[in-house]
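The block underneath contains the structure these notes are about, expressed in structure tokens.
Values quoted throughout were computed directly from the atomic coordinates according to the rules given, and no laboratory measurement underlies them. All values reported here derive from a predicted model rather than from experimental measurement. Please note: Cβ atoms are built from the backbone with ideal geometry, for glycine as well, and neighbour counts cover all protein chains shown.
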């Protein structure tokens with residue numbers, strides 16, 4: 001699978017979420033990760049994140065695409081180590 | 001086209017970016033918009049946003065998919081008016 005992960009997590013917990021997500025995905029912008037990930041690892045990541053967040057306050061969205069998905073990104077302004085494919 | 005827009009914009013400018021993006025896309029999480037948009041409107045939105053942001057400091061990414069794209073979202077924690085399709 002290809003996943004774009006966006007998150008809005010309380011600053012008390014966000015560092016741990018960042019550290020955990022970095023094990024599986026690539027950080028590309030404040031509050032955004034993306035990358036290829038296996039179903040098995042996605043489940044692992046989900047379980048670890050569910051341990052870390054407060055589900056009443058925090059929010060994590062995964063946009064899950066098929067593995068061969070190639071993200072077409074258009075970047076306005078600065079970008080962090082990813083390319084502008086258009 | 002279907003677009004997922006993520007942004008990291010200085011708080012001095014972010015309200016204007018929000019107001020502008022809301023004219024074309026749906027706000028779904030702090031720093032995240034998504035929705036269907038025509039090429040013409042995407043260009044309009046781009047030009048308006050480029051007027052608003054400081055390209056050295058601010059960052060806007062558009063993930064651009066084909067029009068029939070249906071986002072598969074997995075949501076951990078709270079969500080803002082969008083559904084959890086898994």
(message) Residues that are within 15 Å of the chain's Cα centre (by Cα), at least 2 per element: which strands (runs of 3 or more DSSP E) completely within chain A meet that?
(response) A:2-8, A:26-29, A:32-36, A:59-65
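From the list B:24, B:2, B:7, which one is out of contact with any strand residue (DSSP E or B) (no Cβ under 6 Å at 6 or more places or on another chain) and crowded, with 16+ Cβ neighbours inside 10 Å? Full working, then the answer.
Working: B:2 fails: out of contact with any strand residue (DSSP E or B) (no Cβ under 6 Å at 6 or more places or on another chain); B:7 fails: out of contact with any strand residue (DSSP E or B) (no Cβ under 6 Å at 6 or more places or on another chain).
The unique qualifying residue is B:24.
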(request) Confirm whether residue B:49 is more than 29 Å from residue A:55 (Cβ to Cβ), facing chain A (nearest Cβ under 10 Å), touching a strand residue (DSSP E or B) at 6+ places or on another chain (Cβ under 9 Å) and surrounded by 15 or more Cβ atoms within 10 Å (Cβ to Cβ). (result) yes
